[in-house]
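Every number in this text was worked out from the coordinates using simple rules, so none of it is lab data. Because the structure is a prediction, the values reported are computed rather than measured. Cβ: placed from backbone, ideal geometry, glycine included. Neighbour counts: every protein chain shown.
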Amino acid sequence: MYSLRLLFDLNIKPLSNKKSLILVVGPTAVGKTDICLNLAKKFTTEIVSCDSRQFYRELNLGTAKPTPEELQLVPHHLINSLSIEDDYDVRKFEKEALNILDEIFRNRNVAIMTGGSGLFADAITKGLDEIPDVDPDIRKQLIGEFEGKGLEWLQAQVSGVDPEYFEQVDRQNPQRLMRALEVFRGTGLKFSSFRVKKKVTRSFQIIKIGLDRDRDELYQRIDFRMDQMIASGLFDEADALFGKRHLNALQTVGYSEIFGFLEGKYDREEAIRLLKRNSRRYAKRQLTWFRRDEEIRWFHPEQLKEISAWITAQMD
């Protein structure tokens, strides 16, 4: 979506034998792709995606994947690795991503992981909480209620019983909302109360980089990128997926707004307004999630040299 700038003047020192995972996070449209491509080139390594929207090969324009040209510059993992029909969750991701990292570290001292999905990033850097199993009948009942009452009802329910989790969750994702509500109904405890597990210890060092911009600058980039997506055929892509809109992978910003237009709920102009508004709100929720992590060092995406120097210092 943006011009690719590979800079080769970053001052990277020779690597030790210590294994390091560089995690690069930040809101949508902030500029993670350029930074990660630069770092991957300098460290001669590979990139693992922790963006839950980019796993699915059928979703292209609406998920802002790296371009085919960018994907060819360095090896990428977990992009276009699934079908929207596949059953996949964060626990499967944790296992698969750790296996990929093990393979990378067999031959390299550095790996890069990037994405905007906080839960998936945390699965690797912190480990997953042990959430209790709940009676399957509760989930069946919730599905029926959701189908009859809609997403706004589900959002209101989770907001009422667990406002802490509601501030962090992707509110357009009914599966995650229903998961929080079923745990509350099954245990009487808030879903967020189980999300306090002690951080796991990994076999590699984790260096966390956060990217952010001034809010107005970020929102302008989000709006501009959405205009580019629409011009490139986002509405046509969503139309082709319309018959499968019930799938969990399609319950996301960038598609659900167009599905509403295709269902006749509002006109195209309103769909575009919602696409931009919801993308900005999604970015705000991403930042809220990542700001909780005090281990993240924040930079502006144009601070390539500063990012490089800080990473190098952490490896010494």
Per-q log10 I(q)/I(0), the range 136-194, q = 0.22 Å⁻¹ (Debye; single scatterer per alpha-carbon; no solvent):
-0.78
Using only the alpha-carbon atoms of the range 173-298, report the extent along each of the three principal axes, biggest first, to the nearest angstrom.
48, 40, 26
So how do 35-44, 95-104 stack up, highest first, on mean other-Cβ count within 10 Å?
35-44, 95-104
Can you put 169, 161 in order of Cβ neighbours within 10 angstrom, beginning with the fewest?
161, 169
Label residue 224 and residue 152 with points 7 Å out from Cα along Cα→Cβ: what is the distance between them in nm?
3.4
Whole-angstrom gap from the range 274-308 to the range 105-128, using each part's C-alpha centre:
16
So, R0 is 41 Å and r is the distance between the beta-carbons of residue 18 and residue 175; what FRET efficiency does that work out to, to 0.05?
0.60
Simple spin-label estimate for residue 189 and residue 303 in nanometres, 7 Å along Cα-Cβ
3.9
Just to be sure I understand the model, the point goes 7 Å from the Cα along the line to the Cβ. What's the resulting residue 312 to residue 57 distance in nm?
4.0
For the chain, the dipole about the Cα centre with charges only on Cβ (Lys and Arg +1, Asp and Glu -1), to the nearest 20 debye, works out at 920
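When the Kirkwood radius is taken over all Cα pairs of the chain, what Stokes-Einstein diffusion coefficient follows at 25 °C and 0.890 mPa s, in µm²/s?
The Stokes-Einstein estimate is 119 µm²/s.
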At q = 0.17, 0.22 Å⁻¹, work out log10 I(q)/I(0) for the range 126-240 with the Debye formula, treating every Cα as an identical point scatterer and leaving solvent out; two decimals please.
-0.99, -1.10
Estimated [θ] at 222 nm from DSSP helical runs (n ≥ 4, -39500 (n - 2.57)) normalised by residues in the chain, nearest 500:
-15500 deg cm²/dmol
